[in-house]
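The values are calculated or read from the model by the stated rules, or taken from the named source; none is laboratory data. Predicted model, so just to flag it, every value in this text is computed and none were measured. Note that we place each Cβ from the backbone using ideal geometry, even for glycine, and neighbour counts take in every protein chain shown.
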Amino acid sequence: MPVRIEHHRIEHQGVEGLRVGRVLTQLTSSCILYRLGTTIIDTGPPNQWRTVRRFLMERDVARVVVTHHHEDHSGNLARAHHDLGSPVYSPPASVAPITAGFALKPYQRLIWGKPRRVEPQPIPDDLDLGSGQSLRAIPAPGHSDDMTCYLEPDRGFLFTGDLYIASKTRYLRADEDLQQQIASLRRVLELDFKTVFCSHRGVLESGRAALHKKLDFLVGLCERVHHLRDEGRNVREITRMLVGKEGLMALLTGFHFSKHNLISACYASVSPEDGVSPEDGIPPKDGVAPEAGVAPGRRTGP
Ligand SMILES: [Zn+2]
């Protein structure tokens, strides 16, 4: 299986980025860590520590924060703390998995490696960066329960972790909550920001338009799925019709990432079988729950 190592630097309006990681056939698995002044946001996967270490050592680093616990984001947090002495922070909901460790699937170990453990400090709602700068923590669950964006309000920078990744997606992780993602995109779009710093896609100068595009795509996909569901089609049929057969991504990840997961999540979002009525807060036609907490459970099987 062809594997290559990728790392390069990014610079945008004083924010520096370092892309690190392996690229495994079509599964692009590199991740970007960003530096805003003396603050590092995300740390790259554990098997990229040598590159990350050099980057951190060559810079004045006052603190390291992560957007969520996934190994390609928090992977070097422990080493930044233990080897370099950096104060480390995470969203409050990330503290437990980063401190105690979390289960990894074989493909995750292969591509990113296993993070060491560390107990980060829970990040305050507004983190003072000194020199009048601050970072505001914006919870944005869906991709993971603890996914958090960081807003630099003066310059309109939004560090989105894995909220965006791409405007059109054909896959969903088995543990992602699509309706929460939609609700998070809506909530984040109410903020005043311009530039998005995505952990995988890189810098998006038209960040607001990009996040809108993703929101519109997901809402539209749910509508298309509901339309076909109302015609009597099942998840398997709709998956084939709208996104095609499963490909290498599903096979490589043991179906942790799959097209089926995505269509299932759309299909189940306002299913009458879930017993959720419009009075519970979910409109029957447009199929998108207004708030994360009211979405019915997502099915993982057809
Ligand atoms: Zn992630």
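The residues of the stretch 51-72 that are of a type outside the set (A, V, I, L, M, F, W, C) and within 23 Å of GLN133 (Cα to Cα), listed by number, are GLU58, ARG59, ASP60, ARG63, THR67, HIS68. If you go through the stretch 86-113, how many residues are surrounded by fewer than 17 Cβ atoms within 10 Å (Cβ to Cβ) and in contact with a Gly (Cβ under 8 Å, 6 or more places away or on another chain)? Of the residues in the stretch 86-113, 2 are surrounded by fewer than 17 Cβ atoms within 10 Å (Cβ to Cβ) and in contact with a Gly (Cβ under 8 Å, 6 or more places away or on another chain). Listed by first and then second residue, the pairs linking a residue in the stretch 46-70 that is away from the ligand (no atom under 16 Å from the Cβ) to a residue that is modelled with pLDDT of 95 or more and among the aromatic types (Phe, Trp, Tyr), with Cβ atoms under 9 Å apart and 6 or more places separating them unless they lie on different chains, are ARG63/TYR89; VAL64/TYR89. Just one of the numbered conditions (1) assigned to a helix (DSSP H, G or I); (2) modelled with pLDDT under 95; (3) of a type outside the set (Phe, Trp, Tyr) is not true of ARG236: (2). Among the strands (runs of 3 or more DSSP E) confined to the stretch 120-174, the ones with at least 1 residues that are crowded, with 24+ Cβ neighbours inside 10 Å and within 19 Å of the chain's Cα centre (by Cα) are located at 133-139, 148-152, 157-161. Against the numbered list (1) among the β-branched types (Val, Ile, Thr); (2) at pLDDT 95 or above; (3) out of contact with any Phe, Trp or Tyr (no Cβ under 6 Å at 6 or more places or on another chain), ILE41 comes up short only at (3).
Residues of the stretch 71-98 that are β-branched (Val, Ile, Thr) and either within 15 Å of the ligand (Cβ to nearest atom) or out of contact with any strand residue (DSSP E or B) (no Cβ under 9 Å at 6 or more places or on another chain) (or both): ILE98 alone. From the list ASP126, ASP192, ASP177, the lone residue that is touching a Lys or Arg at 6+ places or on another chain (Cβ under 6 Å) and farther than 19 Å from PRO45 by Cα is ASP126. With respect to (1) within 16 Å of the ligand (Cβ to nearest atom); (2) not assigned by TED's automatic domain parsing to the domain that holds HIS73, the lone exception for ARG155 is condition (1).
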